[in-house]
Amino acid sequence: MSILGDQALPVCEIRTSREFYDYQAKYLVDDTQYLFDLELPETFLSKIQSLSLDAHRALGCQVMSRVDWLVDSATGNPYLLEINTIPGFTSHSLLPKAAARVGIDFESLCQAIVADSYLIDRSCE
């Protein structure tokens, strides 16, 4: 779940054929799937977005973050795993993929991050 500025981007599910989403699954193999069109209730997806934005704000994160969740397959309960304040920017990275889903291309994403970072830096003077 990616946050850009004060906006929760679309929820993305990661599926891998490996036992775990490890280095191999993330960077080396091409069968890992990054799914945005999820067959989950909209209320659940909205809840994950809202909780992610709340966690981002509660920790004082600014500009961007990636909030990782694990959903218990038996109960459907989401569990927050971590908040990454410097998410990746590779071809496999979730923040650029989520931004692209809402029409923000990579160049515009980089410009938004620089602009928001500049504004925060200026407010600290």
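The values are calculated or read from the model by the stated rules, or taken from the named source; none is laboratory data. What you see is a predicted model, and the numbers here were worked out from it, not measured in a lab. Cβ coordinates were reconstructed from backbone atoms using ideal geometry, including for glycine residues, and neighbour counts include every protein chain displayed.
Got a number for residues in region 52-88 being out of contact with any Phe, Trp or Tyr (no Cβ under 8 Å at 6 or more places or on another chain) and either assigned to a loop (DSSP other than H, G, I, E, B) or over 21 Å from K26 (Cβ atoms) (or both)?
Kept after step one, since they are out of contact with any Phe, Trp or Tyr (no Cβ under 8 Å at 6 or more places or on another chain), are these residues of region 52-88: 53-68, 73-75, 77, 82-88.
Still in the running and either assigned to a loop (DSSP other than H, G, I, E, B) or over 21 Å from K26 (Cβ atoms) (or both): 53-63, 73-75, 77, 85-88.
Number of matching residues: 19.
The listed residues are I120, I83, and the only one of them that is surrounded by 14 or more Cβ atoms within 10 Å (Cβ to Cβ) and either farther than 15 Å from P10 by Cα or in contact (Cβ under 8 Å) with a residue 40 or more places away in the chain (or both) turns out to be I83. The residue that is surrounded by the most Cβ atoms within 10 Å (Cβ to Cβ), counting only those in region 1-25 that are farther than 18 Å from R101 by Cα and among the hydrophobic types (A, V, I, L, M, F, W, C), is A25.
The set of residues in region 106-125 being in a helix (DSSP H, G or I), modelled with pLDDT under 75 and not aliphatic (A, V, I, L, M) consists of D121, R122, S123. Looking only at residues of region 1-23 that are in contact with a Lys or Arg (Cβ under 9 Å, 6 or more places away or on another chain) and among the hydrophobic types (A, V, I, L, M, F, W, C), we find that the one that is farthest from P41 (Cα to Cα) is I3. Restricting region 26-48 to residues that are in contact with a strand residue (DSSP E or B) (Cβ under 8 Å, 6 or more places away or on another chain) and among the aliphatic types (A, V, I, L, M), the residue that is farthest from R66 (Cα to Cα) is L38. Listed by first and then second residue, the pairs with beta-carbon distance under 6 Å, at least 6 apart or on different chains, first residue in region 26-39 and outside any strand (DSSP E or B) and surrounded by 13 or more Cβ atoms within 10 Å (Cβ to Cβ), second among the hydroxyl-bearing types (S, T, Y) and at pLDDT 90 or above, are T32/T16.
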